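Take a look at the structure below.
The values are calculated or read from the model by the stated rules, or taken from the named source; none is laboratory data. Source: prediction; values computed, not measured. Methodologically, a virtual Cβ is constructed for each residue, glycine included, from the backbone with ideal geometry; neighbour enumeration extends over all protein chains shown.
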Amino acid sequence: MTIRRLDPTADRALVDGLFRAAADYILLERDTPPGPEVTAEFFTDTAPGCDPAANLRLGLFDGATLIGVADAAFGYPGTDDAFLGLMILAPSARGGGRGRHFLRHIEGECRARGMTALFLAVFDANPRARAFWEREGFTTRLTSQPVTVGHKTQDVRRMGKAL
């Protein structure tokens, strides 16, 4: 497995393919199937008050195959905090320790930038994801915050951990 930064032009088709492979998550998140707008958002969105150009957008590869993507912003919710806006793996890559490996890399990148905590939001409708984050040391900081993504509004909980 290798991890590298993703380029919004050169890697767009790979990211599109990963989102199609992980359509189960995209449907859970926004109640619409993945399309070009999801990929565009991955490369342009960021946490409130953060510079999208400063985000860390990474790909997890098994050989030449993109099996996961992650996006982290820096300076949210506090100046020394990082926010993991997305970390998703293809269904075929889930459950084999790859998510843990990917997360460790992201945490290292955050520490290298002087961040002292990592936050994320997990949908209440995704208990498997919440269990993963809890196993990785994240704890709930805020619960039942409604968020709208795409055409869907649902409750999320903000989770965090010290780095």
Checklist entry - Among the residues of the range 8-17, is any among the acidic types (Asp, Glu) and in a loop (DSSP other than H, G, I, E, B)? => result yes
Next on the checklist: I'm checking my understanding of the structure. Among residues of the range 54-74 that are more than 19 Å from VAL38 (Cβ to Cβ) and under 16 Å from the mean Cα position of the chain (by Cα), which one is modelled with the lowest pLDDT?
Outcome noted: ALA54
Checklist outcome for this item: When (1) touching a Cys at 6+ places or on another chain (Cβ under 8 Å); (2) closer than 23 Å to ALA22 by Cα; (3) of a type outside the set (Val, Ile, Thr); (4) surrounded by fewer than 20 Cβ atoms within 10 Å (Cβ to Cβ) are applied to TYR76, the one that fails is (2)
Checklist entry - For ARG130, are the conditions met, namely being within 18 Å of ASP7 (Cβ to Cβ), among the basic types (Lys, Arg) and either at pLDDT 95 or above or part of a helix (DSSP H, G or I) (or both)? => result no
Checklist entry - Any idea which of (1) closer than 19 Å to PHE119 by Cα; (2) touching a residue at least 24 places away in the same chain (Cβ under 8 Å); (3) not in a helix (DSSP H, G or I) is the one THR79 doesn't satisfy? => result (2)
Checklist entry - Which residue, of ALA54, ALA90, ALA70, ALA23, is more than 20 Å from LYS152 (Cβ to Cβ) and surrounded by fewer than 20 Cβ atoms within 10 Å (Cβ to Cβ)? => result ALA54
Checklist outcome for this item: Taking first residues from the range 19-37 that are of a type in the set (Lys, Arg) and second residues anywhere that are assigned to a helix (DSSP H, G or I), the pairs with Cβ under 8 Å that are 6 or more apart or on different chains are ARG30/VAL38
Next on the checklist: Among the residues in the range 122-145, are any closer than 23 Å to ILE26 by Cβ and of a type in the set (Lys, Arg)?
Outcome noted: yes
Item to check | Failed item, numbered, when GLY96 is tested on (1) part of a loop (DSSP other than H, G, I, E, B); (2) modelled with pLDDT of 95 or more | outcome: (2)
Item to check | Residue, nearest to LEU120 (Cα to Cα), within the range 20-67, restricted to residues that are part of a loop (DSSP other than H, G, I, E, B) and small (Gly, Ala, Ser) | outcome: ALA47
